[in-house]
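Enquirer: Got a structure for you, questions after.
Read the figures in this text as sums done on the coordinates, not as results from a lab. Just so it is clear, the structure is predicted and the values come from calculations on it, not from any experiment. Virtual Cβ from ideal backbone geometry, glycine too; neighbours counted across all protein chains shown.
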Amino acid sequence: MKIVFLAPFGIRPKGTVIARMIPLAVELQALGHEVVIVAPPYTNPEDSGKTENARGVRLRNIFLGPNNKVLATPVLTWRMFRAALAENPDLIHLFKPKGYGGLAAMLMIMLQRCGLRMPPLFVDSDDWEGKGGMNDLQSYSSAEKRLFSYQEQWLSRHAAGITVASRELQMLTARLGVAVEKILYLPNCVEDFPSGDGLRIRQKLSIGVDIPVVLLYTRFFEFSQERLHRVLAGIRERIPDVRFLIVGKGRFGEEELLLAASREMGFAESLIMAGWVEPVEIPDYLAAADVAIYPLDDTLVNRAKCPAKLTEIIRAGVPVVADAVGQALEYIDADYSGILCDPDDRQGMVERTVELLQDPARRKNLGFVGRRYLVENFGWRQYVGRLVGFYQNGD
């Protein structure tokens, strides 16, 4: 089969294309299929109009339109529509049922319903976009929010099939009236890459090999900032020489709030803010940690999302203390491959993290078992086999 993936945005700096689309495309091509990714690179406009190779997958960045968002919408929609069909694909898979790609996909479905021959169109959902979901976290206009919510529901109901990245999305999609056989659970998975060079990062950041390091790899929106501050302060109170390695960037100045809280609550000397890190360096940063925390408030956004960052941490062999919310319950077998906490118990994450920091043998075992459990149960290859069957049944 020849398959076109419609991307929601460019390959940089966001993670959906790198963490989800490219591994899927690589595994599909390993099975003998051809995949082309068509992307609107408004997140990396310097790539407008360029075609590049991403791990053997051809990625076509369409030419961007006018700077004005309203004027650009029909232009980018049309260009994505034309670029996808120009590949003469056997099927098209849209990633995220929204935005320019979503409009191009809606045009395809409407033309098909008018009698024109179009390739079957599948939709991938890795977040809940509508009310209570990502719409509530983004600075979209009210018109954009209404459009994205409508796109999510309309495309889910009219696509040949929909792949969903979490159990919560599976349930929400069924509630939209989509038949069970048209929904495929397709979580974010991993490839069996080796762990990174944590010692290099410790040397770079002047962290001694015997200093305990707690990792937070995050975009900050998944949890209450006040709760995070109290967790870090609680750990520091119990383990005075701890270092907190913060990898990632927030959207609304969360880093400044954290820095201010660290000074007020007494853990400023423990805080190491790495910020946004180049993707090629992330495995090394993760491997520098002794324990990772992964706080998740019990919200619709967190229940529906499929945290690729969590899979990266576990694959790195780092033992994880996470809240028992959403896909964390899928990726972690409690007390066997990682630690799960009650998200309403603030002290629980502190206690369990401290316990691991004080028990090197258990840390090592949890990290090893967690990695093995993830690779064995959430490998891209096994799920891509299911995806091919799903394509064939929905075609």
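Enquirer: Test of understanding: ordering 26, 123, 164 by Cβ neighbours within 10 Å, fewest first, what list do you get?
Expert: Working: 26 18, 123 29, 164 26.
Sorted ascending by nearby Cβ count, the order is 26, 164, 123.
Enquirer: Specify the angular offset, from 0 to 90 degrees and rounded to the nearest 10, of the alpha carbon long axis of helix 346-357 from the longest principal axis of the alpha carbons in the chain.
Expert: The helix 346-357 is inclined about 70 degrees to the chain.
Enquirer: How tilted is helix 142-158 with respect to the longest principal axis of the chain? Cα atoms for both, answer in degrees (0 to 90, nearest 10).
Expert: 70 degrees
Enquirer: Can you give me the distance in nm between label points at residue 358 and residue 117, each placed 7 Å from the Cα along the Cα-to-Cβ direction?
Expert: About 7.1 nm separates the two model spin labels.
Enquirer: What ranking of 241, 126 emerges when the number of other C-beta atoms within 10 Å of each C-beta is taken as an exposure proxy, fewest first? Each step should come with its number before you reach the end.
Expert: Details: 241 11, 126 24.
So the ranking, lowest neighbour count to highest, is 241, 126.
Enquirer: Still on this structure, I have one more. To the nearest 10 degrees, how steeply does helix 99-113 sit against the main Cα axis of the chain, on a 0 to 90 scale?
Expert: 30 degrees
Enquirer: Grab the beta carbon distance between residue 12 and residue 69, set R0 = 25 Å, and tell me the FRET efficiency rounded to 0.05. Intermediate values should be presented prior to the final figure.
Expert: Working: r = 20 Å, r/R0 = 0.80.
Taking R0 as 25 Å, the efficiency between residue 12 and residue 69 is 0.80.
Enquirer: So what is the relative contact order of the chain, in percent, for Cα pairs below 8 Å that sit 6 or more residues apart?
Expert: Details: 755 pairs, mean separation 55.6, N = 395.
Answer for the chain is 14 percent.
Enquirer: Which value at 222 nm does the chain reach when only helices count, each DSSP H run of 4 or more adding -39,500 (n - 2.57), with the total divided by all residues and rounded to the nearest 500 deg cm²/dmol? Provide the component values of the computation, followed by the final result.
Expert: Values: 15 runs with 169 residues, N = 395.
When only DSSP H runs of four or more count, the value is -13000 deg cm²/dmol.
Enquirer: Gain in length, residue 365 to residue 46, computed as 0.36 nm per residue apart minus the alpha-carbon separation, to one decimal in nm? List each step's numbers first, then the result.
Expert: Working: separation 319, 0.36 × 319 = 114.84 nm, distance 4.50 nm.
Using 0.36 nm per residue and subtracting the Cα-Cα distance, I get 110.3 nm.
Enquirer: Next up: Between residue 157 and residue 297, what is the label-to-label distance in nm when each label sits 7 Å out along the Cα-to-Cβ direction?
Expert: With each label placed 7 Å out from Cα toward Cβ, I get 3.1 nm.
Enquirer: Can you give the net charge of the other residues whose Cβ lies under 11 Å from the Cβ of residue 88, counting K and R as +1 and D and E as -1? Numbers along the way, then the final one.
Expert: Working: positive: 2; negative: 34, 87, 90.
Once positives and negatives cancel, what remains is -2.
Enquirer: Take residue 241, project a point 7 Å from its Cα along the Cβ direction, then tell me which residues of the range 348-365 have their backbone nitrogen under 20 Å from it.
Expert: Label zone hits: 353-364.
Enquirer: While we're looking at this one, here's another question. In which sequence would 202, 346 go, from the one with the fewest C-beta neighbours within 10 Å to the one with the most?
Expert: Working: 202 20, 346 16.
Taking fewest neighbouring Cβ atoms as first place, the list is 346, 202.
Enquirer: Residues of the range 94-117 with the amide nitrogen closer than 19 Å to a label point 7 Å from the Cα of residue 82, along Cα-to-Cβ, please.
Expert: 100-109, 111
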